[in-house]
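For reference, the structure is listed below as structure tokens.
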Amino acid sequence: MAFQGSLKELPLPDIIQLVSVSGKTGVFVLKTADQSGEIYLRDGEIVHATTGDITGEEGVYELAIWQEGDFVFKPGVEAPARTIKKSNTNLLMEAARRIDEWQVLSKRIPSTRLVPVFTNQSSSTSISFTPNEWAVICKIDERRSIDELAAVLGSSAFEVCKLLYGLVTASLVELKENLGQLQADRLQRMTPAELSQTAERIHEHARVLLANHEKLPELEATSRRTQTEMESGRGFDAVLDMIRSLEQVVSSALGPNQSRVFLERINQQLSG
């Protein structure tokens, strides 16, 4: 018999614990409005996970922070591959640790959309780097975003952010704005009324992602500030500022992958 419910009512780590103690084999299928993921168990142990193009342990860490959506456990379904060897306990402990660590990282790296560039200080500073830091430094071309650096390095955005954090803190690297992923030209052609409607829909995208999250009040404060700025005539600039602010709140609360989901939703709206 399938076991199903809502992630709002029961967090994923708790769900996995409930099923794993019975030693079952099967798959958790998780779905939100525009995302899906799967976590496979074999005799109660997590052996494979996938969501989008993220698989293995990283897939578990990404799915563990979902706070909305539906799940169903389908017993008897075998995993197509084994990509995870850590124990359930270690996986879920690491997921919790990453969520906490991202709260610190996001204070200096609010978005993986940002582009790392070298500062003037970097050319006159003598400092030793770890091999992993060198790997990141060698790929910084002042055009690639953090997401793109992660793809080039075959790493996760989270791991790249951990390495960049020290470089940013030491003022060797700074992060510059990159709205290349956003269809901002469509915003520029909108009337004040259209901009107001768009701002409301963008706010709703963020609100859905952060349903019941403790950072939800920050979204409401940003929305009120944007409305005031739009009434003063800032229009286009006010909406761009709102997108930046909301993306940073989503990133801080849910991690870099969810902030990308937020931007993708906005782009879909602007291209529709």
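The values are calculated or read from the model by the stated rules, or taken from the named source; none is laboratory data. These numbers come from a predicted model, not from an experiment. Here Cβ is always computed from backbone atoms with ideal geometry, including for glycine, and neighbour counts include all displayed protein chains.
Here are the numbers for the structure shown:
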| item | result |
| --- | --- |
| Enumeration of residues in the stretch 11-41 that are part of a loop (DSSP other than H, G, I, E, B), touching a residue at least 40 places away in the same chain (Cβ under 8 Å) and not basic (Lys, Arg) | PRO11, THR25, ALA33, ASP34, GLN35 |
| Qualifying positions in the stretch 109-127 - part of a loop (DSSP other than H, G, I, E, B), of a type in the set (S, T, N, Q) and surrounded by fewer than 16 Cβ atoms within 10 Å (Cβ to Cβ) | THR119, THR125, SER126 |
| Of residues in the stretch 197-222 being small (Gly, Ala, Ser) and surrounded by fewer than 20 Cβ atoms within 10 Å (Cβ to Cβ), the one modelled with the highest pLDDT | ALA221 |
| Filter result (part of a loop (DSSP other than H, G, I, E, B), farther than 19 Å from VAL21 by Cα and either touching an Asp or Glu at 6+ places or on another chain (Cβ under 8 Å) or of a type in the set (Val, Ile, Thr) (or both)) within the stretch 64-108 | ILE65, THR83 |
| Residue list for the stretch 57-99, filter: buried (at least 17 other Cβ atoms within 10 Å of the Cβ) and over 14 Å from the mean Cα position of the chain (by Cα) | GLU57, GLY69, PHE71, PHE73, ALA79, THR83, ILE84, ASN88, LEU91, LEU92 |
| Selection count where residues are in contact with an Asp or Glu (Cβ under 9 Å, 6 or more places away or on another chain) and surrounded by fewer than 18 Cβ atoms within 10 Å (Cβ to Cβ), scope the stretch 140-152 | 0 |
| Those residues of the stretch 133-156 which are out of contact with any helix residue (DSSP H, G or I) (no Cβ under 7 Å at 6 or more places or on another chain) and farther than 22 Å from ALA170 by Cα, in sequence order | GLU148, ALA151, GLY154, SER155 |
| Enumeration of residues in the stretch 161-184 that are touching an Asp or Glu at 6+ places or on another chain (Cβ under 9 Å) and either free of Cβ contacts under 8 Å to residues at least 40 places away in the same chain or aromatic (Phe, Trp, Tyr) (or both) | LEU163, GLY166 |
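Yes/no per residue for (1) among the β-branched types (Val, Ile, Thr); (2) more than 22 Å from GLU94 (Cβ to Cβ); (3) part of a helix (DSSP H, G or I); (4) assigned by TED's automatic domain parsing to the domain that holds THR119:
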| site | (1), (2), (3), (4) |
| --- | --- |
| PHE129 | no, yes, no, yes |
| GLU142 | no, yes, no, yes |
| ASP147 | no, no, yes, yes |
| PHE158 | no, no, yes, yes |
| CYS161 | no, no, yes, yes |
| LEU164 | no, no, yes, yes |
| LEU167 | no, yes, yes, yes |
| MET190 | no, yes, no, no |
